[in-house]
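Some notes on the structure that comes next.
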Amino acid sequence: MFIHRLTLKNFRNYSEECVSFKNGVNVLTGANAQGKTNAAEAIFFLCTGYSPRANKDRLVIKNGCESAEIFGEATSQYGEVSVKVAFNKNDKKSIYINGMQVLKIGEILGNINSVFFNPAELKLVQESPDDRRRFLNVSLSQMSKTYFYALQRYNKILSQRNNLLKDPDAYIIRETLPVWDMQLTKEASKIIKARNEFLTELSPLAEEKHAFLSDGKETLKMRTESGYYGTEEEIAYSMYQDLKTGLERDIRLGFTSIGPHRDDIKFTLNGDDVRIYGSQGQQRTVALSLKLAETETFYKRFNEYPILILDDVLSELDKKRQRKLVGAVEKMQTIFTATHLDRTVFKNTPFTRLVVENEKIKEK
Ligand SMILES: Nc1ncnc2c1ncn2[C@@H]1O[C@H](COP(=O)(O)OP(=O)(O)OP(=O)(O)O)[C@@H](O)[C@H]1O
Ligand SMILES: [Mg+2]
């Protein structure tokens, strides 16, 4: 899969811009604050319907403008596909797939797929479990709309259950909860099963990528402890029992203490916890290995690589790791952004060079 044209209107620092990408490696260079990350962000938007960095859609509208638009044209194994996202100041966004408006945000998923990585993604390894769950949710939602809709329903039921747990009337809680729990565990089981399958596929791939990038010097191991395995029915049944057993604790806490909203992934390198003992470079390599593994999972499932967006990643790796990375990604459309082009890193790889300056992106 590859995007061949991206058109931006009043998006971030761009007034009107149209840029052509080619399949294979694309390198977008430019000085600081020219709009490299903005262009990378726009592509991710077309894949998922939201920004990897802004938590409010209206922040992406060019200052002083009322509305913005991102339009992308891509080629997939099934043919041409176009996605348009239009925003206005009231955080209302409209989505068009092949020119037809879709009413549910989830319908944007699976049309153009991408894996996005930039220095802020280091939080995937360093920070809270929230960031690791977000990684799972973004990947799995792109791979399956069923997952995305189950997650939406799960979060809604979870927040209703949490509100109920705070009810001062214990009788109401005990009477009403079983109904919520049936619904909650039904959605949870879909999420847990999908995550179990994904992580079973992803872990050996991430370990392999890490060994490759570190020249076999470091052994990555990934571990998850959802605690639920088997079919959806089996997962739903065990979780339902655990919710029942944990009821008094949940009432005391005032929230639901078990379920996929509490999942985490642990990473170790040569046996040591990466979060605690890993150097910056090692943590970065773990996060990058995970993203590269994600591209392979896409390939295994759909027989097609997603678009790999590597924003400002090269400058953070040593030369050897940079060369290895470039060699490993030339089989898919990859969009690198960097302040400088180091030709020695790309010497064995054909690539398209784009330069951004004064809000304009030109092929060079
Ligand atoms: N809504 C907006 N309206 C106008 N300008 C914006 C908006 N949001 C961000 N910008 C501007 O876009 C500029 C470019 O940002 P971007 O992060 O894409 O730069 P970059 O080329 O990736 O730089 P760096 O090399 O530092 O990473 C910034 O100067 C920022 O102020
Ligand atoms: Mg940037």
Suppose we filter Lys104, Lys89, Lys56 for residues that are surrounded by fewer than 19 Cβ atoms within 10 Å (Cβ to Cβ), within 21 Å of the chain's Cα centre (by Cα) and either within 16 Å of ligand 1 (Cβ to nearest atom) or in the same structural domain as Lys145 (by TED's automatic domain parsing) (or both); which single one remains? Lys56
Collect the residues in segment 79-91 that are over 20 Å from Phe148 (Cβ atoms) and outside any strand (DSSP E or B), keeping them in residue-number order. Lys89, Asn90
Is one or more of the residues making up segment 317-325 crowded, with 22+ Cβ neighbours inside 10 Å and over 17 Å from Gln280 (Cα atoms)? yes
Which of the residues that make up segment 62-79 are within 16 Å of ligand 1 (Cβ to nearest atom) and in contact with a Ser or Thr (Cβ under 9 Å, 6 or more places away or on another chain)? Lys62, Cys65, Glu69, Ile70
Does Glu225 qualify as being among the charged types (D, E, K, R), away from ligand 2 (no atom under 16 Å from the Cβ) and closer than 30 Å to Val179 by Cβ? yes
Sole miss for Ile173 among (1) more than 23 Å from the chain's Cα centre (by Cα); (2) under 29 Å from Tyr299 (Cβ atoms) is condition (2)
Every residue from segment 7-63 that is among the acidic types (Asp, Glu) and farther than 22 Å from Leu124 by Cα: Glu16, Glu17, Asp57
How many residues of segment 291-343 are of a type in the set (Phe, Trp, Tyr) and either within 16 Å of ligand 2 (Cβ to nearest atom) or under 19 Å from Ala120 (Cα atoms) (or both)? The answer is 1
Report every pair of residues separated by at least 6 positions or lying on different chains whose Cβ atoms are under 6 Å apart, first residue within segment 298-315 and on the phi < 0 side of the Ramachandran plot, second within 16 Å of ligand 1 (Cβ to nearest atom) and among the small types (Gly, Ala, Ser). Ile309/Ala40; Asp311/Ala40; Leu314/Ala338
Selection from segment 20-44 of residues that are within 16 Å of ligand 2 (Cβ to nearest atom) and either at pLDDT below 95 or over 23 Å from the mean Cα position of the chain (by Cα) (or both): Thr29, Gly30, Ala31, Asn32, Ala33, Gln34
Pairs needed: first member in segment 128-147, not assigned by TED's automatic domain parsing to the domain that holds Thr295; second member anywhere, in a helix (DSSP H, G or I) and basic (Lys, Arg); C-beta distance under 8 Å; at least 6 residues apart or different chains. none
Taking segment 194-223 on its own, how many of its residues are among the hydroxyl-bearing types (Ser, Thr, Tyr), closer than 23 Å to Asp130 by Cα and either buried (at least 17 other Cβ atoms within 10 Å of the Cβ) or not assigned by TED's automatic domain parsing to the domain that holds Ala150 (or both)? 1
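The values are calculated or read from the model by the stated rules, or taken from the named source; none is laboratory data. As the structure is a computational prediction, the values presented were derived from the model and not from experiment. Counting neighbours? That spans all protein chains shown, and the Cβs are built from the backbone with ideal geometry, glycine included.
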